[in-house]
Amino acid sequence: MDEIKNTTATENDEYLVEVNNLVKWFPIKAGFFKHTVGNVRAVDGISFKIKRGTTMGLVGESGCGKSTTGRTLLRLQGKTSGEVTFDGIDIFSLSKEELRKIRPRIQIIFQDPYSSLSPRLPVGEIIGEAVREHNIVPSSEYDEYITRVMEVCGLPAYYKSRYPHEFSGGQRQRICIARALALSPEFIVCDEPVSALDVSIQAQIINLLRDLQKQFGLTYLFISHDLSVVEHISDTVGVMYLGDMVEFSETEKIYSDPLHPYTKALFSAIPIPDPDYQMNRIILEGSIPSPANPPSGCKFHTRCSECMETCKYVTPKYREVRPGHFCACHLYNSEEENREYAGQLDELKAKAEAEAATNAKKLKSASKEKAMKSLND
Ligand code: SF4
């Protein structure tokens, strides 16, 4: 099974993946000439690093930009700006051919194991297709290699000739993991890999991912909205809200002492298996705002119980509040910063209001045009 282990990593570098100020906006087009009238700011300038052989959990409500982050990291879609470095290589500077060569090293496991598997191919072919394409092993060893990869993932060799519809959800997710593992990856984005599975099966898949990580030194970005699962599997955790990274730290620190009001509200909803435990759940008011026209200043201010005047107009800096614990919130400003912001408040308020009005106007005219078009059609 040593062949599956990657040998290309430079063991000295502490971080395998580095993301600097990554932005991914989706343009909103309108009019006859399809000009851009706005942007859905799915990912709005986030930065983080993942150490080799560790798991970073990425959490947040639906629509916060977690999955877009994962797909952009792997260059499954373009970026708007920013930098993604994998093993010291700038992913977005690679040519098509260079990207093809690096693909086996960076893999993804999707949420829905059924729709991500071709129903027309038998399991052996699904797992082996890319192995042949990338010449991972000599053709004389191909069969034996696929058998070993399947066994490592808990799939008996006789499953090779069966089709995806013959399997349960958990087994299908094992097939997806085997397909990714067969390419000897170093980094795997796990995009909600257990969300579609029963709780007992979830535990099996999580344990399998952990075993494989230990065995092959894999690095994971684990995207999930299930905070208990993320706590169980992750070494570090990043919390996203409306395209921003609002908090990042080691799992133990962030779960025991969250700093950001949004993280506190999220974590207060984690169920504790103790009937005598009194939960102090923080209920978030209102719904998540539109990423096409996000609130000015701190994007969370419309729902934050600790919102101050500064929060409405000044974007909080993402900074290291405690050693290794990053957060973007005005509650951790210095006295000097508070004085500085107070002095600029009127100017910033006018600017933010003008910007919001222009954005709203553009989006309104775009949706009016769309409605007119659908009526004419
Ligand atoms: Fe709440 Fe202000 Fe902190 Fe945003 S910056 S989370 S509104 S206290």
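Sort Lys361, Lys264 by heavy-atom solvent-accessible area, probe 1.4 angstrom, most to least.
Values: Lys361 155, Lys264 70 Å².
Greatest to least solvent exposure: Lys361, Lys264.
Of all accessible surface on the chain at a 1.4 Å probe, what whole percent is carbon and sulfur? Could the numbers behind the result be given before it?
On the way: 9590 of 19150 Å².
The computed percentage sits at 50.
If Lys and Arg each add +1 and Asp and Glu each add -1, what is the summed charge of the other residues whose beta carbon sits under 14 Å from the beta carbon of Glu320?
On the way: positive: Lys49, Lys253, Lys317, Arg319, Arg322; negative: Glu247, Glu250.
Local charge sum for Glu320: +3.
For Ile136, what accessible surface area do you get with a 1.4 Å probe? Give it in Å², rounded to 10.
The value for Ile136 is about 50 Å².
In Å and whole numbers, how far do the C-alpha atoms of the chain stretch along each principal axis, longest first?
Here the spans come out as 73, 60, 44 Å, largest first.
Counting only C-alpha contacts under 8 Å and six or more residues apart, can you give the relative contact order of the chain as a whole percent? Could you put the intermediate results ahead of the total?
Values: 625 pairs, mean separation 73.1, N = 377.
It rounds to 19 percent for the chain.
Take the alpha-carbon centre of segment 229-302, take the same for segment 119-134, and report the distance between them in whole Å.
For segment 229-302 versus segment 119-134, the Cα centre distance is 39 Å.
How big is the accessible area of Tyr163 in square angstrom, nearest 10, if you roll a 1.4 angstrom probe over the protein chains?
We get 80 Å² for Tyr163.
Might you report the magnitude of the Cβ-based charge dipole of the chain about its Cα centre, with Lys and Arg at +1 and Asp and Glu at -1, to the nearest 20 debye? Numbers along the way, then the final one.
Working: 45 positive and 51 negative charges, 319 e Å.
Result for the chain is approximately 1540 debye, rounded to the nearest 20.
For the chain, what is the accessible area per residue in Å², given a 1.4 Å probe and the full set of protein chains?
Details: 19150 Å² over 377 residues.
For the chain, the solvent-accessible area averages 51 Å² per residue.
What does the charge count near Val123 come to, summing +1 for each Lys or Arg and -1 for each Asp or Glu among other residues with Cβ under 14 Å from its Cβ? Write down the numbers at each step before the final one.
Details: positive: Arg120, Lys160, Arg162, Arg172, Arg174, Arg179; negative: Glu125, Glu129, Asp143, Glu151, Glu166.
In short, +1.
Could you report the accessible area of Asp274 in Å², rounded to 10, computed with a 1.4 Å probe on the protein chains as they sit in the structure?
Its accessible surface works out to 70 Å², give or take rounding.
From the phi of every residue in segment 186-193, what ³J(HN,Hα) in whole Hz does the Karplus formula 6.51 cos²θ - 1.76 cosθ + 1.60 yield, where θ is phi - 60° and glycine or proline is x?
9, 10, 10, 8, 9, 8, 6, x
Given the C-alpha atoms of segment 160-309, compute the convex hull and give its volume per residue in Å³. Before the final figure, lay out each step's value.
On the way: hull volume 24.9 nm³, N = 150.
With only Cα atoms used, segment 160-309 gives 166 Å³ per residue.
The values are calculated or read from the model by the stated rules, or taken from the named source; none is laboratory data. As the structure is a computational prediction, the values presented were derived from the model and not from experiment. Cβ: placed from backbone, ideal geometry, glycine included. Neighbour counts: every protein chain shown. Remember, those area values only see protein heavy atoms, side chains included, never the ligands or the DNA or RNA. Shrake-Rupley method; radii C 1.70, N 1.55, O 1.52, S 1.80 Å.
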